[in-house]
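Below: the structure, in C-alpha cells.
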Amino acid sequence: MILTPDERERVAAQAAAAYPFESCGVILARAGERSLQACRNVQNELHARDPERYPRDARTAYYIDPADLLRIGRLEGEGFTVAVIYHSHVDAGAYFSETDRRNALLGGEPSYPDSTYVVTSVMNGRVDAMAAFRWDAARRDFLPVDDPSLAAAYETPTRSSR
C-alpha cells in the first residue's frame with residue numbers, strides 16, 4: 001500500500017484546494033508510524049522575485065517551502081524516512097514528467113531512491129487521477145507502480161457499473 005485511504009483523501013483534498021496551483025508534500029514513516037506533511041508551494045514567490053531563474057509559476061511547478069524542508073529534515077533526524085513524495089499536476093495527467101524526473105535526481109542519482117512519488121491530476125478543480133512511480137535502478141528510470149487503490153479511487157463509472 002502506497003497511501004492509506006486517509007492519506008489518499010488528504011492528498012486529494014490538498015490538491016483540489018490548491019488548484020489552480022500545484023500542491024506538494026511528503027509522507028514520512030518510522031517503524032509502522034506514518035506522518036503526512038503537507039507542504040507549502042513557494043514557486044509563485046520565487047517566480048515573482050526572479051522570473052529569469054524561476055520562469056515557471058505554481059501552475060506548472062512546485063518548490064517546497066524551505067521551512068517545510070527543515071521540518072522534514074528534523075523528522076528524518078528522529079528516524080523517519082521519506083516514504084512518499086507527492087505533488088499535483090494542474091489540468092494535466094497523473095504522469096511523471098521529464099521535469100519531475102530531473103528534480104528527483106541529483107548528479108544522475110535519485111535523491112530518495114527508496115521513496116515512491118505520487119502525482120495527482122487535477123482537472124478543472126477536481127481530482128481526476130492519481131499515479132505512483134518508483135526508481136528502478138536496473139532501468140535507471142522512474143517507472144509506474146501498479147497500485148489498484150490509487151487507480152480505482154478515481155475511475156469514471158461505466159454504464160454497466162451504474
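The values are calculated or read from the model by the stated rules, or taken from the named source; none is laboratory data. Treat the numbers as computed from the prediction; the structure is a model and nothing was measured. Counting neighbours? That spans all protein chains shown, and the Cβs are built from the backbone with ideal geometry, glycine included. Protein only, heavy atoms only, side chains kept; ligands, DNA and RNA dropped before computing areas. Shrake-Rupley method; radii C 1.70, N 1.55, O 1.52, S 1.80 Å.
Data for the structure
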read-out: Residue check, Ala17 at pLDDT 95 or above, out of contact with any Lys or Arg (no Cβ under 8 Å at 6 or more places or on another chain), open to solvent by 60 Å² or more (accessible area, probe 1.4 Å) and of a type in the set (A, V, I, L, M, F, W, C); value: yes
read-out: Filter result (under 18 Å from Phe133 (Cα atoms) and crowded, with 19+ Cβ neighbours inside 10 Å) within region 23-44; value: Ser23, Cys24, Gly25, Val26, Ile27, Leu28
read-out: Selection status of Arg126, among the basic types (Lys, Arg), modelled with pLDDT of 95 or more and closer than 18 Å to Ala83 by Cβ; value: no
read-out: Of all residues making up region 18-34, the number that are over 10 Å from the mean Cα position of the chain (by Cα) and not in a strand (DSSP E or B); value: 6
